[in-house]
Every structure is written in structure tokens, then in C-alpha cells.
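Computed from the coordinates by the stated procedures, all read-outs in this text should not be read as laboratory data. The shown structure was predicted, so the numbers you read here are calculated from the model rather than taken from an experiment. Here the Cβ is made from the backbone with ideal geometry for all residues, glycine too, and neighbour counts use every protein chain on show.
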Amino acid sequence: MSEPSASYRAAGVDYGALDAGKRLAIAKALSTSPLLAARGGRARDSSRGEPAFVFELGGATLAIVVEGLGTKSMIARAMLERHGSNRFADVAYDTVAAILNDLCCVGALPLVVNAYFATGASEWYLDGDRAGALLEGWRTACADAGCVWGGGESPSLPGLVAEGEVELAGAAVGAVPDGAAALLGDALCPGDEIVLVASSGLHANGASLARLLADRLEQGYATPLPSGRSFGEALLDPSRMYVALVAELLDAGAPLHYVSHITGHGLLKLMRAQRELRYVVERLPQVPEVLRFLADQAQLDAAAAYSTFNMGAGMALYCAAGAGEQIVAVATRLGHDALVAGVVQEGAREVILEPLGVRYAGEQLELGAGSTST
């Protein structure tokens, strides 16, 4: 008898509930915005619901973000314990990439990153190879992004975090380059082109469902994919870092109107901006083998797969009509696969994936403070 289909909710992640909680938090946070004036600053409240919060201080436009890896570190632990493969450098890199890719979505380039490593027992650090890999992966990611690792927090939380596990998260502060404007969606307009930049695989979202499926597979993480790679090794391919790409585009004065990091919610994130616009995708990137395997094993149809995983699209860049190929050229030179995938149109807020015949209505993604649907 075949296994039943799986979903993110079945794996313990309910985005409807999470997004409702986020909207409530944003509504409360809005009441604190006037307090920044006492320090000579100004909150950019239109950034609430965007990947990073933007504020102005001392003539500079700054942004701050907090982000976590989720449960992908649990896959790294299982791979080390069961198969002897130390991939903690990769999950550390994943965490920094998740933080900084969010930060640069608002047009801010990273200045400082702080780390948060919570363990279930202080003895976690006694495995020098594991701890050393984690720290080196974090340092490498900061170096690749051109920012400082400022410090962090490393609590031991027995009873809250399981023994043997580590929760990875962090925060970053960045600055919008002088002369540039924060990218908050107000510049989006009909006719803009949508460039999709390739992901490397799972990135930082979907690990809970991947773990559920691994438990169902007879060989677990050792299950071979069609290429011969193991399921576990492919899940742990490190995320792509897009900071250098955004930095070069900003430096070159490219007509960049918006940026969306394709993470949780998959390609629903193409309509992250709270604008009444239609996002029509005419071409899709190649789907990484591990994501195709996940979607097949979970028995997800196209609509579910593309609203759960990134399905090969790690970041969306929105630019003025005719500028898409210029952005693809820059991305290619920096080692990224990219394509001009679609266009922004007038119309009701929705995403249309034409090659798949999939349509996502605007109410399926509501992250702003003024949104009430779940």
C-alpha cells in the first residue's frame, strides 16, 4: 500500500497560522514606530511585512532582519551520526544566506551579522570537528557577503532544545547605498520584467517536510536519487548567496524595482509586495533533482509543490521593461543561472505560472499589517 501524500502542515508547519501570528505582531509593532523619533530617526512603516525592517537615522537608510534556519540542522545531525558526513559548515552557510538574502531584498547591503547558536546541552561543542565546521561555515558566508561577523549568543537550553540538536539563527544590519532608494514595492509597475535566479536546492525552507519523508523511506537519508547522490547529501547542498548580485546591480544603477527572496511559500512570494498587480510567469527554471524527488514522494501536485518549495527559483528580481537580459548577464558572470521568466501586468493581485496552468490568488499570501485573511 502506498504512503499517503504529505504536506507541510502534516510535518508540523502551518503557514496559515504562522502568517496570522506575523500580522498580529506587525500590528502591535506599528504602535512603537513614533518612538524612533526620540532618537532622531524615522521608521519606514511601509517596510513592515517585507523581508527586513527599514528605518532612517543620521541621514542613512538602514535595515535590520532576524532569520533562522529552521530544522535543517536536524538533517545535518542525522547525516553525521548515521552516515559520518559532517555538513555543519553548510548549514551554517545556509543560515547566513537566509539572513542576508532577506536583508538585500529591501536594497540594503549587509554591514554586520550576529549569530545565535542554541544547543540542547553545553557538551555539543566538545565535538571539535562539528563545532569547528559550524564556525568556519558561518565565517565563510560572512566573507562571501562582505560583512562583519560581530558576535552573537550561544545559550544551552536543555528541555527546550533536544540534546544533540542545535538551533541556528541570527540577525543583521545593513545600509541602503547612498543615492539609492529602499526597495519596498512602490516602484513596481505594469511592464516590469521578472528575472528568476536559480536556487541550489532546498535552501532554508522545506526541511520539516523533508524529514517527514525521510522517516517514511526504507533507506532514509541514504536513499539514492536518480543521479546516484544520496537524498541526505542533496538536501544539504548549501544555499545560494545573492548579496554580491544585488550589490553589483545597485552599484551599476540597474533599474531594479523590487526583490523577493523565494523561501517559505515558494513562488507565492512573487506577489509579496502589497500591490494590486498580476505576476505572469512564462518560463520556469530547471527544478533541482532533490526538489523534484521531494515533490514526487510527497505526492504534491504542481500548485502545492510550487507553493511549498522554491522549485529552482531562489530569488526574483523585478526590473524595468527591457532590462531583464542585462540582469541575467550580470547574474551569469557572477556564477548564477538566471532567466527572464515573466512580466508584471495590470490586474488583480495574483501569480500565474503559465507553463503549469497554476494560478495563486492574492489572498493566499497576506503578510502585511493591514491583511486579515488567513
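If you line up the Cα atoms of the chain on their principal axes, what length do they span on each, largest first, in Å?
Cα extents, longest axis first: 51, 49, 42 Å.
Count charges around Ala198 for me, please; just the other residues with Cβ under 11 Å from its Cβ, Lys/Arg as +1, Asp/Glu as -1. Spell out each step's value before the answer.
Working: positive: Arg240; negative: Asp337.
Taking every Cβ under 11 Å from that of Ala198, the sum is 0.
Antiparallel as a % of all DSSP beta bridges within the range 193-364, to the nearest 5?
Antiparallel: roughly 85 percent of the beta bridges in the range 193-364.
If we count every other residue with Cβ under 13 angstrom of Pro355's Cβ, Lys/Arg +1 and Asp/Glu -1, where does the sum land? It would help to have the intermediate numbers written out before the result.
On the way: positive: Arg283, Arg359; negative: Glu282, Glu354.
Residues close to Pro355 contribute a combined charge of 0.
Checking understanding here: applying a Kyte-Doolittle mean of at least 0.0 and a length along the axis of at least 18 Å (C-alpha), which whole DSSP H helices in the chain pass?
15-30, 88-104
Which listed residue (Val91, Gly137, Ala52) has the Cα farthest towards the positive end of the charge dipole for the range 15-175, taking +1 on Lys and Arg C-beta and -1 on Asp and Glu C-beta about the Cα centre?
Looking along the dipole axis, the top candidate is Ala52.
Hand me the GluC sites (Glu not before Pro) from the range 146-218 located in a DSSP loop with no more than 13 other Cβ atoms within 10 Å, in residue order please. Provide the component values of the computation, followed by the final result.
Working: sites: Glu153, Glu163, Glu165, Glu167, Glu193, Glu218; in loops: Glu163, Glu165, Glu218.
Filter output for the range 146-218: Glu163, Glu218.
What number, rounded to the nearest 500 deg cm²/dmol, is the helix-based mean residue ellipticity at 222 nm of the chain, given -39500 (n - 2.57) per DSSP H run of at least four residues and division by all its residues? Let's see the in-between values first.
Numbers: 10 runs with 110 residues, N = 374.
Helices in the chain give a 222 nm mean residue ellipticity of -9000 deg cm²/dmol.
Work out the charge dipole of the chain with +1 on the Cβ of Lys and Arg and -1 on the Cβ of Asp and Glu about the Cα centre, then indicate which of Leu183, Gly146, Gly232 is farthest towards its positive end.
Leu183
Quick one: grab Rg to one decimal and Dmax as a whole number for the range 15-175, Cα atoms only, in Å.
17.5, 55
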